[in-house]
Every structure is written in C-alpha cells, then in structure tokens.
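Encoded as structure tokens, the structure appears first; notes follow it.
Read the figures in this text as sums done on the coordinates, not as results from a lab. None of the values given here were measured: they were computed from a predicted structure. Methodologically, a virtual Cβ is constructed for each residue, glycine included, from the backbone with ideal geometry; neighbour enumeration extends over all protein chains shown.
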Amino acid sequence: MPASLCGTWDMISNVNLEGYMIALGIGPYIRKIAMKLKLKKIIEQQGDHFIIKTTSTFRNYTISFRVGQEFAEFTKGLDNRHVKSLVIWEGNKLVCEQIGEKKNRGWAHWIEDDKLHLVLYCEGEVCKQVFKKNVNE
Ligand code: 1AG
C-alpha cells in the first residue's frame, strides 16, 4: 500500500506553472493572477473513490473519481475543456491521463519525504508542485 495521499496540503513550491498554462492556452491576465496563488489540496479517499479539491483565493477546482474508471471531466475555471480522464495506480503514483484536444495531458500525485508531489503535464510542458501537510486542518 502506498502512503496515503489524504489530508490537507499547502503548496510550498511551483515550478513552470507558466509553461503549463501557456500550453493550455491561458491568457496573460489570468496567468499573472494564477502565478501568485498559494494552492491548497484537500484529498479524501474511500476505497477506490477519491475527491481531490484544489483551492485558492481566486478559484477552486474539484474532481471526484474511481480509480480505474474513466470519467468525463470538465476543467471548469481552468482551461474549460472537456476531457476523458482515467486515473490508475502506477506503483506508488496516482496517475491521470486526460484525453482530449490537448495531446499528452495529465497529472500524477505521489508521496515522497512526507510531502505531496504533483506533476501536471500538457504537450511537453511539465509543472511540478510540492505540498506540505497542514496538520491544523
Ligand atoms: C490541478 O489538477 C489543476 C488545479 O491541480 C490548478 C493548478 C494549476 C492551474 C492549472 C491550470 C491553469 C488554468 C487556468 C488558471 C486559472 C486559475 C488558476 C488557479 C485555479 C486553482 C483551482 C490536478 C488535480 C489533481 O485535479 O490534483
């Protein structure tokens, strides 16, 4: 069993969000706002069912899915695209493929050194985010 992703996590680093957003076609005004945000992740798991919330002072984004079951995802408030998403375990990594207009798009979450790691990728751009556990929430 991989280490649990559950809990409330605060972003401590964010590398190449800009490149990822450009790949998604996000305009300069929203990019500038997004770059300043300190994101929070709230992850809940019951068996194969996950709810992952990303929150900020600007916008929030939530996905809910079962591991191994494709679902329709609408990236509301992000790039507002419809994708077909599938999340699976690859070793200790929770890996999502997002099939749609943008090629080679997805993300992966894992725990390393008690931190929550996330890579977000799209068309060759990779954003790397690290979160530390918030023990007060
Ligand atoms: C995410 O998905 C995406 C959440 O983590 C946001 C992360 C970076 C921004 C992504 C795309 C930029 C598009 C538009 C910018 C507008 C708002 C930016 C801030 C929004 C915060 C919610 C993976 C996740 C699993 O579902 O952890």
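Using a simple spin-label model with pseudo-atoms 7 Å out from Cα toward Cβ, I99 and Q46 lie 2.9 nm apart.
Let me have the relative contact order for the chain, percent, based on Cα pairs under 8 Å that are six or more residues apart. Kindly include the intermediate steps, with their values, before the conclusion.
On the way: 296 pairs, mean separation 37.3, N = 137.
RCO, the chain: 27 percent.
Would you work out which of Q45, I22, V95 lies farthest towards the positive end of the dipole of the chain, given +1 charges on the beta-carbon of Lys and Arg and -1 on that of Asp and Glu, about the Cα centre? My answer, from the dipole projection, is I22.
What spacing in nm lies between the two simple spin-label points modelled at A3 and E123, each 7 Å away from Cα in the Cβ direction? So the two model labels end up 3.5 nm from each other.
Backbone phi angles across the stretch 81-92, fed through the Karplus curve with coefficients 6.51, -1.76 and 1.60 (θ = phi - 60°), yield HN-Hα couplings of 10, 9, 10, 9, 10, 9, 10, 9, 7, 10, x, 8 Hz in residue order; Gly and Pro are listed as x. Using 0.36 nm per residue and subtracting the Cα-Cα separation, the extra length available between F74 and E112 on full extension is 10.8 nm. Applying the Karplus relation 6.51 cos²θ - 1.76 cosθ + 1.60 with θ = phi - 60° to the stretch 94-110 yields 3J(HN,Hα) values of 8, 10, 10, 10, 10, 8, x, 4, 8, 7, 6, 10, x, 7, 8, 10, 7 Hz, where x marks Gly and Pro. Taking only the alpha carbons of the chain, we obtain Rg and Dmax values of 14.2, 42 Å in that order. Multiplying the residue separation of V130 and T55 by 0.36 nm and removing their Cα-Cα distance gives an extension gain of 25.5 nm.
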